[in-house]
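Chemist: If you scroll down you'll find the structure; I have some questions about it.
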Amino acid sequence: MKQTTLIISSFLFSILFYGQNIGLNISLFSVLTLIILIIGNTNKFKNRTTLTYALLYLLTAALVFFQHSFLSLIANIIVFFTLVGNITESKSSIFVNWLNGIYTSIAGFFHRNFDHNEKEEQPKLKKDIDLLHWIKLIGIPLVFIIVFILLYKNGNSVFNDLISQINFSFINIQWILFSVLGYFLFSNIINPVHVEPATQSDLDAGNTLFKTGSFSEEKLKKEQQLGTTLMLLLNVLIIFYLVTDIIALNVSSSYDAVTLSSQVHNGINALIASIIMAIVIILYFFRGNINFYNDNKTLKFLAFAWIILNAVLVILIVIKNNDYVSAHGFTYKRLGVYIYLLLTFTGLRTTFLKVLKIKNLLFLFRANTQIAFVLLIGLSTVNWDAFITKYNINNAESLDVNYLIHLSNNNSYILYDLREKGTLSSSNNQAIFIKHTAYLKDINTRNWQEYTFANFQEHSNSETHID
């Protein structure tokens, strides 16, 4: 049953993707992938976490269909690896799920068939050998038949004429190889495997930091004094910086675009250096037994203060970026600033919790990768090209139409409506018309595998126009 399903799925894989761009095929492939995974791992789908990842996988596939954005495609691929890895071991960290998912997708078939230490897989090994036998039984004679036909063609003109009349153009070797690729992928993931010792080490490792045996009061006292002095000076320095930054912020309304841009970018550079140094220094001083030292309260207070002051620095950069966006609109770089600031704020929060609750470095890595994963899914739900275009048209004091024209075709209709208002220059009007025409041509020449929601929108718009 499994082998039949894999063979059928491999042909469907070629039908969906061979010679096709991304569109509806991603959604159909996601459903097909879930069917394969459920057939091979029915019991695993009783786990709530696995079901959540399965729903996220379908969601991101739907986002590819509705938005046709690169970000939604990346999210779909990452959730695919996460789901496959989670089926391997649902209790492992998300970055271990990624590792297991990638490994399974690339080498799962070979791992199951050549890892002789997995005794439970031995009964399945015979089935796979039988399949190889059938491949040899059909493939090897076929190769020799083709070779001898080519030889005989040169030795007999009548035979050559008969063979030349046979049309083999219907055989597409590339399509067949693509189907083999599909079979290889599905046979890899139908029974996901895990990477050892990474998976077991992750399961065994907790998030809590424990006191080590070598607890020297004298060494900890000296380290506490060094840490307290350093953190005190750094707190004084960042307070001075924040005060001057707030003063500069009050007069920023008089800055031109170039100066305001420089203010934001320089602030980001300072923030990057500050946050990295803050986290590294805090992780160094709170890496071990000083967490259990009785006289560490001052050091902890100064560490918490520095984390909070860095969070204030994040807020000031947000305000500067808001001023910049209000004046000149959104771009992907300005959106990237917001995303970085959000990740930075999250990193400060998890570092705060690490010190407060005496967690280890693995806790930070687990928490931050999980948050980054959730953020990626959230970001992929937005059509950013359309969002940027609408926001800039309605809110930006200075509209950069050329930037909007060079975004993806997801904003073609919005720009075309702007063109109809007759407020743009002739060059911009012409550029938008060319962009819109090329977009319509792209939509109308897509195969059904490449369809996106825009195809149905265009069909609806055409019918409304005819009526």
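The values are calculated or read from the model by the stated rules, or taken from the named source; none is laboratory data. Worth saying up front: this structure is predicted, and the values here are computed from it rather than measured. Cβ coordinates were reconstructed from backbone atoms using ideal geometry, including for glycine residues, and neighbour counts include every protein chain displayed.
Chemist: Going through R349, R366, R334 one at a time, which residue ends up being under 26 Å from the mean Cα position of the chain (by Cα), outside the structural domain of I290 (by TED's automatic domain parsing) and of a type in the set (K, R)? Break it down stepwise before answering.
Modeler: Details: R349 fails: outside the structural domain of I290 (by TED's automatic domain parsing); R334 fails: outside the structural domain of I290 (by TED's automatic domain parsing).
Of R349, R366, R334, the one residue that is under 26 Å from the mean Cα position of the chain (by Cα), outside the structural domain of I290 (by TED's automatic domain parsing) and of a type in the set (K, R) is R366.
Chemist: If you go through the stretch 332-362 one residue at a time, how many are among the basic types (K, R) and assigned to a helix (DSSP H, G or I)?
Modeler: Selection size over the stretch 332-362: 4.
Chemist: Return only the number of the condition from (1) more than 19 Å from I443 (Cβ to Cβ); (2) crowded, with 19+ Cβ neighbours inside 10 Å that H406 does not satisfy.
Modeler: (2)
Chemist: For the stretch 272-331, what are the residues that are surrounded by 14 or more Cβ atoms within 10 Å (Cβ to Cβ), part of a loop (DSSP other than H, G, I, E, B) and not β-branched (V, I, T)?
Modeler: F286, G288, Y293, N296, G329, F330
Chemist: Tally the residues that are closer than 30 Å to V312 by Cβ and surrounded by fewer than 13 Cβ atoms within 10 Å (Cβ to Cβ), restricting the search to the stretch 197-238. I'd like the intermediate steps shown before the answer.
Modeler: If we filter the stretch 197-238 for residues that are closer than 30 Å to V312 by Cβ, which is where we start, we get 207-209, 223-238.
If we keep only those that are surrounded by fewer than 13 Cβ atoms within 10 Å (Cβ to Cβ) too, we end up with 208, 226, 229, 233, 236.
Looking only at that region, the number is 5.
Chemist: Okay, moving on. Under 7 Å between Cβ atoms, at least 6 apart or on separate chains: pull out the pairs that start in the stretch 418-447 with a residue that is of a type in the set (K, R) and end on any residue that is not in a helix (DSSP H, G or I).
Modeler: From the stretch 418-447, the pairs are R446/G23.
Chemist: Let me ask something else about it. At least 1 residues that are at pLDDT 85 or above in each: list the helices (runs of 4 or more DSSP H) lying fully within the stretch 147-219 that qualify. Show your work before the answer.
Modeler: Working: elements: 157-164, 173-189, 198-204.
In the stretch 147-219, the matching helices (runs of 4 or more DSSP H) lie at 173-189, 198-204.
Chemist: With S462, S412 as the choices, which residue is modelled with pLDDT under 90 and not hydrophobic (A, V, I, L, M, F, W, C)?
Modeler: S462
Chemist: Looking only at residues that are touching a residue at least 60 places away in the same chain (Cβ under 8 Å) and touching a strand residue (DSSP E or B) at 6+ places or on another chain (Cβ under 7 Å) in the stretch 332-359, which one is surrounded by the most Cβ atoms within 10 Å (Cβ to Cβ)?
Modeler: Checking each candidate, the answer is K359.
Chemist: Please note which helices (runs of 4 or more DSSP H) are completely contained in the stretch 363-467 and include at least 3 residues that are of a type in the set (S, T, N, Q). So that I can check it myself, show each step before the final result.
Modeler: Working: elements: 384-395, 401-405, 412-420, 426-444, 453-466.
Helices (runs of 4 or more DSSP H) meeting the threshold: 384-395, 426-444, 453-466.
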